[in-house]
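*Asks:* My questions all concern the structure below.
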Amino acid sequence: MTHTTLFAEHSLRMRADVLPDGTVSTERTSVRGMSVERHLDRGFTEHRFADGDDLLASGAAGAAPEAADALREVQERPLFELTPELRAELAGIAAETGAELTLGVAQQHVAAGGADRVATTERIVTTLETRLTGDDGTVHSRSLLCAPAGSDPGGLRDAAVRTAEAVRERLALPLAAELPDGADLVLLPGLAGAFFHEIVGHPMEADVVASGTSYLGARAGRPVAPAWLSVLDGGAHDGPGYRSPFDDEGTPCRTLRLIDRGTVGPPMTDRALAALLGGGPGTGHGRKQSYRHPAIPRMTHTVALIEPAAEPEPPSGDWIAPYGLRLDMMNIASGAFVFHAPFSLLHRVDGSTARLGPLTVTGDGARVLAGLRPYEHRVAAYLRATGGCGKLGQYPVPVSFANAGFRLPAGLVGLRAVARG
């Protein structure tokens, strides 16, 4: 049975780079348009798009009057502007801290649904990234979630100053002479979202599972991790991060348990893959880079939790905490991965702390999930509004992460120092 979904947006991606000398440079990209998708048998989708409301004007959308009005209305909603007051506030923060700042804003006014009725919402995430360079040329940065840009300048300043102080303190630590043998790797709260996004999230997207090339999809319904580990994803949640009540097809967003207390759960679906797999209208994970792109299954807000509460197991020897983990390579079929950590701290058993140079982390997803140990129950969120997920070349789609603390015992992954140059 054919089903039609309509989508309209007025969206913004903006970054403002601020130097300590007061220089402010901005990049701003906005889009305004609409698409119509007709879902056919066996998961096939026909996708059409046009700028502005041309699809409505031509009649190609087939929208009822009430739906057409809502599709037009969101395209007229105003987008964020960098005011002179906020520009001055950012310049003052940069001068006070001596840090380079990047304010990022990802904003979407959207309408999505069927030909008879669409729902509307605003999605907005704002982050401030603080970067400092050490005496030896090491660059370290931290990104913090902030209130909608410009709504709390005093709070923004206080958070930025605290972040700059923490970054400066880490850069002032001595550089370790070498990477120690036998050190555990500890993924601290709010620093490992991208790790679970890659080794659990993408392998649990329905198009990957349906293709038979997911190392986790092949283990559906089977335990792959300790019974205290759960990994969830969904756009409708409490707390900071990317949020939306519905996806880009108008389907209500569900919080899905990708790993449910150690066991592999159901995949994230859009409408087409849900129909192909016999799963109803979908789980609310149909997302687009813009109206010019078809919806595909993608993550929204991925959370790795320790539940039920498990007794924390601190390292017994030296341990390493990586910052800024990013993926270099992942084989979704086998689970093999390579991550890069541009900055890490070495915590020695004698209580001293040192910096480490860039590291690569190599391993196998199934082995790592099975070998994780609980480190800290506290959960912290993370995202960068200037980045996002780039699945199938559709980049960037805003995503956010949150995680508790996890320990990877020595030998569970390979660690290698990377020469700088």
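The values are calculated or read from the model by the stated rules, or taken from the named source; none is laboratory data. As the structure is a prediction and not an experimental result, all values here were calculated from the model. Don't worry about glycine lacking a Cβ; one is built from the backbone with ideal geometry, like all the others, and counts go over all protein chains shown. Just the protein is used for accessible areas: all its heavy atoms, side chains included, with ligands, DNA and RNA removed. Shrake-Rupley method; radii C 1.70, N 1.55, O 1.52, S 1.80 Å.
*Asks:* Relative to the first principal axis of the alpha-carbon coordinates of the chain, what is the inclination of helix 153-171, with its axis defined by its Cα atoms, in degrees from 0 to 90 and to the nearest 10?
*Replies:* Approximately 40 degrees, to the nearest 10.
*Asks:* Choose one of 147, 95, 118: the residue whose Cα lies farthest towards the positive end of the charge dipole of segment 89-147 (beta-carbon charges +1 Lys, Arg; -1 Asp, Glu; about the Cα centre).
*Replies:* 118
*Asks:* Under the rule of -39500 (n - 2.57) per DSSP H run of 4 or more residues, summed and divided by the residues of the chain, what mean residue ellipticity at 222 nm is obtained, to the nearest 500 deg cm²/dmol? Numbers along the way, then the final one.
*Replies:* On the way: 8 runs with 72 residues, N = 421.
Taken over the chain, the calculation gives -5000 deg cm²/dmol.
*Asks:* Hey, another quick one. What are the ³J(HN,Hα) values, in whole Hz, obtained from phi via the Karplus relation 6.51 cos²θ - 1.76 cosθ + 1.60 with θ = phi - 60°, for each residue of segment 27-36 in sequence order, with x given for Gly and Pro?
*Replies:* 10, 9, 10, 10, 9, 8, x, 8, 9, 10
*Asks:* Mind checking which of 333, 304, 375 is farthest towards the positive end of the chain's charge dipole, using Cβ charges of +1 (Lys, Arg) and -1 (Asp, Glu) about the Cα centre?
*Replies:* 333
*Asks:* Another question about this same structure. R0 = 25 Å: FRET efficiency of residue 178 with residue 19, Cβ-based, nearest 0.05? Walk me through the numbers on the way to the answer.
*Replies:* On the way: r = 35 Å, r/R0 = 1.40.
Once the sixth-power term is evaluated, E becomes 0.10.
*Asks:* With every protein chain left in place and a probe of 1.4 Å, what is the accessible surface of residue 293, to the nearest 10 Å²?
*Replies:* 50
*Asks:* Compute the distance in nm between two label points, each set 7 Å from the Cα along the Cα-to-Cβ direction, one at residue 392 and one at residue 419.
*Replies:* Using points 7 Å along Cα→Cβ, the separation is 4.1 nm.
*Asks:* Using a 1.4 angstrom probe on heavy atoms only, work out the carbon and sulfur share of the accessible area of the chain in %.
*Replies:* Working: 8800 of 17320 Å².
So the carbon and sulfur contribution to the accessible surface is 51 percent.
*Asks:* Sorted by packing (mean other beta-carbon atoms within 10 Å per residue), highest first, where do 171-183, 348-360 land? Before the final figure, lay out the partial values.
*Replies:* Details: 171-183: 13.2, 348-360: 14.7.
Packing proxy ranking, top to bottom: 348-360, 171-183.
*Asks:* Please compute the per residue accessible area over the chain with all protein chains in place, 1.4 Å probe, rounded to a whole number of Å². Write out the running numbers ahead of the final one.
*Replies:* On the way: 17320 Å² over 421 residues.
Using a 1.4 Å probe on heavy atoms only, each residue of the chain averages 41 Å².
*Asks:* I would also like to ask the following. Give me the number: length gained by fully extending residue 85 to residue 57, i.e. 0.36 nm times residue separation minus the C-alpha to C-alpha distance, one decimal in nm. All intermediate terms of the calculation are to be shown ahead of the outcome.
*Replies:* On the way: separation 28, 0.36 × 28 = 10.08 nm, distance 4.00 nm.
Taking 0.36 nm per residue and subtracting the Cα distance, the gain is 6.1 nm.
*Asks:* Provide the gained length on full extension for the span residue 362 to residue 131, in nm with one decimal, where the gain is 0.36 nm per separating residue minus the Cα-Cα distance.
*Replies:* Residue separation times 0.36 nm, minus the Cα-Cα distance, leaves 80.5 nm.
*Asks:* Dimensions of segment 120-255 along principal axes (Cα, Å, largest first)?
*Replies:* So the three principal-axis extents are 51, 48, 26 Å.
*Asks:* Can you give me the distance in nm between label points at residue 115 and residue 28, each placed 7 Å from the Cα along the Cα-to-Cβ direction?
*Replies:* Result for the modelled spin labels: 3.9 nm.
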